[in-house]
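The values are calculated or read from the model by the stated rules, or taken from the named source; none is laboratory data. Keep in mind that what you see is a predicted model, and the values were worked out from it rather than measured. Using ideal geometry, Cβ is built from the backbone for each residue, glycine included, and neighbour counts are taken over all protein chains shown. Heads up: the accessible areas ignore ligands, DNA and RNA and are worked out on the full protein's heavy atoms, side chains in. Shrake-Rupley method; radii C 1.70, N 1.55, O 1.52, S 1.80 Å.
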Amino acid sequence: MRIDVLSIFPSYFDGLTLSLLGKAQSAGILDLRVRDLRDWTSDRHRTVDDTPYGGGAGMVMKPEPWGLALDELASSTPSSTEQRPTIIFPSPAGEVFTQATARDLSTREHLVFGCGRYEGIDERVFEYAASLGEVRLISLGDYVLNGGEVATMAMIEAIGRLIPGVVGNPESLVEESHEDGLLEYPSYTKPSVWRERSVPDVLLSGNHALIASWRRDQQLERTRRRRPDLLPDDES
Ligand SMILES: NC(=O)c1ccno1
């Protein structure tokens, strides 16, 4: 998978060279390229924003640098695919990002993330981008960040770990929160007693059927308590 990121703060993404995603890049599984949007400006001050038409506080990101940058990145979609790129703009006004979104996007060949700043990006950029690929405005949740960088980091991690070969043991992806629609069961490791707290006896029983049943019950209990909205109708 090829992932391009456009940001005026490219060093935000230095952390993506670490750990599993860093190893995936070294192994050629993930081709991550972070670019400075200012590289597509032409004035001495490398200007990317201006005042909003119609008045209002703050500044709006100018369309010109975005148009030039998206033209270049969208035209460099890996030749190995017929797919047009999926162009993602993190936005509190977008669809909510879920594990299903991550799984869907992990099947794409080319993702382009556009990180807005200030009061946002000129609306015509989203309209224009639709001529280059599939456009998705995506939100991490109902709150506002100062820009799209943190949301992009989170999405790249959630998507990247689902790409085959990134996580060593694919089995570890199966029993996770939200994979089966429920919150995951509690986990324990040695020592069996810690500060007078014991590991549940069932996990020491060696009875795999009993352990599986206990874990499912724990998932339902936790989901019922913390996220009743996720419960399937027959379990609510
Ligand atoms: N809620 C979000 O994902 C977001 C992105 C940018 N600002 O807020």
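Annotations
- Test: residue in segment 7-24 that is touching a residue at least 24 places away in the same chain (Cβ under 8 Å), touching a Pro at 6+ places or on another chain (Cβ under 8 Å) and of a type in the set (Val, Ile, Thr): no
- Hits in segment 21-45 (condition: over 19 Å from Val150 (Cβ atoms) and in a helix (DSSP H, G or I)): Lys23, Ala24, Gln25, Ser26, Arg38, Asp39, Trp40
- Number of residues in segment 46-58 that are assigned to a loop (DSSP other than H, G, I, E, B), at negative phi and surrounded by fewer than 15 Cβ atoms within 10 Å (Cβ to Cβ) equals 4.
- Looking at Glu157, Glu221, just one residue is open to solvent by 30 Å² or more (accessible area, probe 1.4 Å), in contact (Cβ under 8 Å) with a residue 24 or more places away in the chain and among the charged types (D, E, K, R), and that residue is Glu157.
- Any hit, segment 2-10, residues being at pLDDT 95 or above, open to solvent by 50 Å² or more (accessible area, probe 1.4 Å) and over 20 Å from Arg108 (Cα atoms): yes
- Residues within segment 117-131 that are touching a helix residue (DSSP H, G or I) at 6+ places or on another chain (Cβ under 8 Å) and farther than 24 Å from Thr47 by Cα, tallied: 0
- Some residue of segment 34-46 being hydroxyl-bearing (Ser, Thr, Tyr), in contact with a Ser or Thr (Cβ under 8 Å, 6 or more places away or on another chain), over 30 Å from Asn169 (Cα atoms) and within 16 Å of the ligand (Cβ to nearest atom): no
- When residues of segment 175-209 are limited to those that are aromatic (Phe, Trp, Tyr) and assigned to a loop (DSSP other than H, G, I, E, B), the one most open to solvent (accessible area, probe 1.4 Å): Tyr188
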